[in-house]
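The values are calculated or read from the model by the stated rules, or taken from the named source; none is laboratory data. Because the structure is predicted, anything quoted here is derived from the model rather than measured. As a convention, Cβ positions derive from the backbone with ideal geometry for all residues, glycine included, and neighbour counts pool all protein chains shown.
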Amino acid sequence: MVNDSMVNAYHIPAMLAETIEGLNIQPDGVYVDVTFGGGGHSRAIMKDLHDGGQLFSFDQDADALSNAIDDPRWTFVHSNFRYLRNWMDYYGIEEIDGLLADLGVSFHHFDCPERGFSFRFSAPLDMRMNQTAKRTAADIVNSYSEEDLAQIFYLYGELKNGRAIAKNICRARTQKAIERTEDLVAASRIPAEMSKELARLFQALRIEVNDEMGALREMLVAARDLLKPGGRIAILTYHSLEDRLVKNFLRSGNLEGTIEKDFYGNNLSPFTLIEKGREASQEEVARNPRSRSAKLRVAEKK
Ligand SMILES: C[S@@+](CC[C@H](N)C(=O)[O-])C[C@H]1O[C@@H](n2cnc3c(N)ncnc32)[C@H](O)[C@@H]1O
């Protein structure tokens, strides 16, 4: 069993109080935290639950289980959250009172050199959150076409020079396979001092390796269908593409972001918006700089 300081070393949860407030926890309700990580958010949810409450926490990374919560009301689901619906069916849960998603990776991923998520360490170019998944970041940079790599860098990394970086990588890989983090840094020809660009390059690959956008789309639809009227969904996003998807989904209730209206012009979205992209306070950012890019969106099912 872990103590609080060990959990902090694994991850510091962003906007903890704001997220819990947004969930408006019903003490005997059924809750899902689809991104357990260090368990900071899950533990806070547990504090507000009575004996009749239940929390299911998902994580696709087996490492997260080292933060397990010893409580009969808590269930760990070692799975990708894209299978939310199947798992709720498996546990006989027809509807839920609330769901939290704190997207992306944990500090543990960035700070664990051998996982290959960070350009700060020399390591195999891996980046899989699910360590049993087949495809690594090295597989992608060595096999995708220049066009596909350019698109990923532009879309997921917002790298304006994504095309040039893709070209450099494709040229470098004809000489030698790109197998390690430092190989990718060298192949990209992004100067070492341009750490923001390198971070964006690594972020783009991570999103592709883990199909983060695909999993998010599937989870959002399942969450919409599982939430009971009055139930809340709270989502913390960390980059503009996922934030736009979540924002449009919560406004419209569909992945296309199409807002349907009735004869009188009333919005037919299944959600009422509660938080529309709240950011971490200056104090929190000073304490935890990694919370700088977090945006909290909360909606209630009508
Ligand atoms: C930002 S961390 C969550 C931190 C957590 N809120 C806390 O308080 O410690 C995101 C976690 O979600 C997991 N994760 C990301 N995408 C996932 C997915 N599609 N399915 C399951 N787990 C996922 C990652 O492995 C990581 O542990």
* To do: Taking the options A68, A62, name whichever one is in the same structural domain as E279 (by TED's automatic domain parsing), away from the ligand (no atom under 11 Å from the Cβ) and farther than 23 Å from A223 by Cβ.
  => A68
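Every residue, every condition in (1) buried (at least 22 other Cβ atoms within 10 Å of the Cβ); (2) more than 29 Å from M15 (Cα to Cα); (3) not assigned by TED's automatic domain parsing to the domain that holds A101, yes or no:
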position	(1), (2), (3)
L149	yes, yes, yes
R173	no, yes, yes
E179	no, yes, yes
L184	yes, yes, yes
E197	no, no, yes
L205	yes, no, yes
R224	no, no, no
L227	yes, no, no
G231	yes, no, no
* Asked: So which residues in the range 286-302 are among the charged types (D, E, K, R) and either at pLDDT below 95 or assigned to a helix (DSSP H, G or I) (or both)?
  -> R287, R290
* Structure fact -> Filtering the range 183-198 for residues that are small (G, A, S) and over 13 Å from R171 (Cα atoms) leaves a count of 2
* Search the range 31-47 for residues that are closer than 11 Å to A68 by Cβ and pair each with any residue that is acidic (D, E) and modelled with pLDDT of 95 or more when their beta-carbon atoms are under 6 Å apart and the residues are at least 6 apart or on different chains. => F36/D59; S42/D33
* Asked: Got at least one residue in the range 178-201 being within 30 Å of L99 (Cβ to Cβ), outside any loop (DSSP other than H, G, I, E, B), at pLDDT 95 or above and within 15 Å of the ligand (Cβ to nearest atom)?
  -> no
* Asked: Does the range 137-147 include one or more residues that are over 20 Å from the mean Cα position of the chain (by Cα) and within 16 Å of the ligand (Cβ to nearest atom)?
  -> no
* Positions within the range 92-104 being within 13 Å of the ligand (Cβ to nearest atom) and either in a helix (DSSP H, G or I) or modelled with pLDDT of 95 or more (or both), in sequence order -> L99, L100, A101, D102, L103
* To do: Being surrounded by fewer than 17 Cβ atoms within 10 Å (Cβ to Cβ) and in contact (Cβ under 8 Å) with a residue 12 or more places away in the chain is the filter here, so list the residues in the range 151-160 that pass it.
  => L155, E158
* Any chance D33 is crowded, with 18+ Cβ neighbours inside 10 Å and within 13 Å of the ligand (Cβ to nearest atom) -> yes
